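Report on the following structure.
The values are calculated or read from the model by the stated rules, or taken from the named source; none is laboratory data. Since the structure is predicted, the reported quantities are computational estimates derived from the model, not experimental observations. Reconstructed Cβ throughout: ideal geometry from the backbone, glycine too, with neighbour counts over all protein chains shown.
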Amino acid sequence: MADTPHETGAILSIGDELAIGQSLDTNARWLASRLTDLGVRVVEHATVADDLDRHVAALRRLTTGPDAVDLVVSTGGLGPTADDLTRDALARLLDEPLVQDAPAAASLRRWFAGRAMPERNLVQAQRPPSAACLANPNGTAPGLRVRAGGADVFCLPGPPREMQPMFEAEVVPRVRRAPGVQVATRVIPTFGLGESDVAARLGDLMDRDRESRGLPLVGTTASNGVVSIRIRH
């Protein structure tokens with residue numbers, strides 16, 4: 001992993017159930033909040049179905065070129081079935097084959113101690129050679145971490161009871177804050193005014209170039225009759 005600070009981040013959520021709206025993506029909200037706490041400015045949430053080409057394209061866009069960020073955290077696609085494509089997508093992105101990670105395979109066998117382990121589960125111990133496995137004491141899917149393009153990429157399992165502990169144990173210690181950088185947010189609810197009325201009263205405070213001038217970024221959100229003023233700095 002490089003020594004440059006993680007100033008910007010993106011969250012990549014993988015799964016048909018998320019893409020078509022069968023499941024609510026609570027992981028992205030949790031991760032965005034934690035990354036903000038850590039001083040990383042989250043600039044994008046992306047959701048990709050279980051489609052290898054689209055998965056690779058999303059990873060490539062977020063790690064190279066004008067859309068690249070410093071840190072990518074993905075969730076999902078690390079199970080043992082044919083629609084779990086995160087390992088394959090990472091291998092194709094890196095142009096590397098998949099190899100079996102011996103410690104990860106041993107951990108899987110310990111997980112199934114005393115009962116038959118489906119041979120298919122061993123695919124969860126595979127990784128590209130330049131990637132490292134992340135321990136998962138709460139399930140069978142190891143995570144992965146690798147440097148790709150200009151970004152550090154962490155691939156975490158989808159179930160929150162596995163993803164959240166892995167994030168705290170494996171990602172948090174590796175997040176590098178930019179010196180003196182801290183992301184602060186505040187939400188101020190307003191009542192009795194429409195969103196355009198609130199925006200008119202805020203005036204130049206809502207200019208989108210304020211962040212580039214070192215000033216707090218101000219926006220509004222309307223929901224259920226309440227217009228909230230969002231401030232981020």
Number of positions in region 9-25 that are in contact (Cβ under 8 Å) with a residue 60 or more places away in the chain and crowded, with 18+ Cβ neighbours inside 10 Å | 7
Checking residue 70 against (1) closer than 25 Å to residue 175 by Cα; (2) in contact with a Gly (Cβ under 6 Å, 6 or more places away or on another chain), the condition it does not meet = (2)
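Looking at this structure, is residue 90 farther than 15 Å from residue 15 by Cβ and buried (at least 24 other Cβ atoms within 10 Å of the Cβ)? So that I can check it myself, show each step before the final result.
Working: farther than 15 Å from residue 15 by Cβ: yes; buried (at least 24 other Cβ atoms within 10 Å of the Cβ): yes.
Here the answer is yes, as residue 90 does meet what is asked.
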Inside region 85-110, can you point out the residues that are under 24 Å from the mean Cα position of the chain (by Cα), assigned to a helix (DSSP H, G or I) and not acidic (Asp, Glu)?
-> 86, 87, 89, 90, 91, 92, 93, 94, 104
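Restricting attention to region 26-63, and to residues there that are part of a loop (DSSP other than H, G, I, E, B) and modelled with pLDDT of 95 or more, which single residue is surrounded by the most Cβ atoms within 10 Å (Cβ to Cβ)?
Among those that are part of a loop (DSSP other than H, G, I, E, B) and modelled with pLDDT of 95 or more, it is 50.
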Result of the Cβ filter at 7 Å on region 212-233, keeping first residues that are under 15 Å from residue 186 (Cα atoms) and at pLDDT 75 or above and partners that are of a type in the set (Lys, Arg) and surrounded by 15 or more Cβ atoms within 10 Å (Cβ to Cβ), at least 6 apart or interchain, is 216/210; 216/232
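Within region 99-129, how many residues turn out to be of a type in the set (D, E, K, R) and at pLDDT 95 or above? Break it down stepwise before answering.
Step one: of region 99-129, the residues of a type in the set (D, E, K, R) are 101, 109-110, 115, 119-120, 127.
Next cut, at pLDDT 95 or above only: 101, 127.
Going through region 99-129 one residue at a time, the tally reaches 2.
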